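> My questions all concern the structure below.
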Amino acid sequence: MAKLVNRFIALLCLFGAIILIIMSSRRLFEQQQVLVQTPAVLVHQQPDLATKAVAKLKKGMHLDVVGRRTHWYQVRLNRRQSGWIRSDQINALAVRRMQQQDARHSNKGTVVSTNKTIEIITDQANTKLRAKPATKGKILAVLPKNKKLGLIKRSGNWYKVRTNDNQVGYVASWIVTEQAKLVPIHKPANLASAIIVLDPGHGGSDSGAISGTGQFEKTYTIKVAKLTAQKLRRLGTKVVLTRTNDRFVSLAKRPQIANQLNADAFISFHFDSSGEQNDASGFTTYYYRRQKDIAFAKTINRNLNRLPLPNKGIRYGNFQVLRDNQRPSILLEMGYINTTKDFKRIKSAKYRDQIATQVVKGLQQYFDQN
Ligand SMILES: [Zn+2]
C-alpha cells in the first residue's frame, strides 16, 4: 500500500513539474524583448523575406517579441501592427528576456527594481470583447474563461484591453478580475544606449503657473526640456519629447509615451508656484513609486545641488504623469515662477543650461550605478 502511495506521489510531482516548465517557458517567451544594435534592421509583413518590409528599425529601439517561428521573431511595432525579423539578424539584436530569473544571469542589463503592470483575467466563458465601453458596443471577439488580457486603461466601469494576438477592445469590469503582475525594469549599461522621455509640463491652452509679470510656466518647461534633449542626443542617447512645440498634450498621454517606448527614464519638467507671491523658493524632486523611482530621484536631486537655488529635496508626489508611469520616472519643480528671485533664474538661459547639464550628469550617474 505504502509503495502504491509513494508511486502516486512521485507521479503527481512529475506532472506538476511538467506543468511548471510549460508555464514558465511560456511566460519567458511572452515577455521577451529585442534591442536593435545596428541601424536599418528590416521588419517584414510575414516571416518570409519576399514579403514587403513594413518598417526599418533604428539603433537603440526596444520591441516586444510577440511570436516566434523557425528563423524569425515577430515583434510589436505599435498597438495595431506587428512584423517579422529574421533571427539571423540576431547579431544586430540583443534579446532581452523580461523575466527576472533570467535577467539575473544576463549581463545585458541589470534588474534595478520591479514594477506592477496590470493583467485582466476573464471570470466567465463567452466574455465579449467590444468596440466601445458599452453593452451595446459591437462584439469584436468572444473570449473564453481565464483568458489573460493586457490592461491599456480604465474607462468608467470598463477596461480597455489588448489580447495576446493584439486585438484591442473593451471588457466590462464586473465580469473580469484585475491582477497585478511584477515586471522587472532593466537598466541599460549606459546612458548612450538608453531611451529617455522628457516631458515639458503644460502647453497650448494649459499655460501652467503664471509669474508675477504674467509669464507662463509652459514657456520655460519646453526650453529646459529641449536643452536637456540636445545635450543627451550629443551623447548618442535616444530622446523623445512628449511635446516639441506649444501644444496641449493630455496628462494621460504623457506617461503612455514612456510606457509604450519602454523608456529607461522619464523626467517631467515644471516650475512651482506658491499661494502667495514671493512665499517660497527652491526646487523639488518628486517620485511616486519608491521601488522603481527613488534611486533615480536621489541621483538626479544630488546633482542639482550645484544650482543657485535652495534644494528642497525629494518628495512623494501623486502626479498622474508619475502615477500612470510604469518606467522609472520623476517630476522636477525647478523653482517658483511667482517668486521674483526664483523667476529671475528661470528666465535666464544660464540657469536653464545649468539644470540641463546637471540632469544629464545625474542620468549618467544613474545608468552607471549597478
Ligand atoms: Zn507645472
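Derivation of every value follows stated rules applied to the coordinates shown; laboratory data play no part. All values reported here derive from a predicted model rather than from experimental measurement. Cβ atoms come from the backbone with ideal geometry, glycine included; neighbour counts cover every protein chain shown.
> Can you pull the Kirkwood radius for segment 113-186, inverse mean 1/r over Cα pairs, to one decimal in Å?
The Cα-based Kirkwood calculation yields 12.4 Å.
> Provide the FRET efficiency to the nearest 0.05 for the ALA192-ASN305 pair, computing r from the beta carbons and using R0 = 35 Å.
It comes out at approximately 0.90.
> Next up: Are any of the pairs LYS148/LYS292; LYS132/LYS218; LYS226/LYS298 more than 29 Å apart by Cα-Cα distance, and if so, which?
The pairs that break the limit, which is 29 Å between Cα atoms, are LYS132/LYS218.
> Also, I was wondering about something else. Gain in length, SER207 to GLU178, computed as 0.36 nm per residue apart minus the alpha-carbon separation, to one decimal in nm?
Length difference between fully extended and current span is 6.8 nm.
> Could I have the simple spin-label model distance between THR340 and ALA125, label points 7 Å from Cα toward Cβ, reported in nm to one decimal?
The modelled label-to-label distance comes out at 7.6 nm.
> Using a Debye calculation, one point per C-alpha and no hydration shell, please list log10 I(q)/I(0) for segment 188-368 at q = 0.11, 0.14, 0.19 Å⁻¹ in order.
Those come out to -0.40, -0.67, -1.32, one per q.
> If you stretched the chain out fully between SER274 and GLN46, how much longer would it get, using 0.36 nm times the residue separation minus the C-alpha to C-alpha distance?
76.4 nm
> Taking the alpha carbon gyration tensor of segment 225-321, what are the square roots of 5 times its eigenvalues, largest first, to the nearest whole Å?
Three semi-axes, in Å: 23, 17, 16.
> Please list the non-local residues whose amide H lies under 5 Å from the amide H of TRP72, H modeled 1.01 Å from N, same-chain partners needing a gap of 5 or more.
When sequence neighbours closer than 5 places are left aside, the close amide H contacts are SER87.
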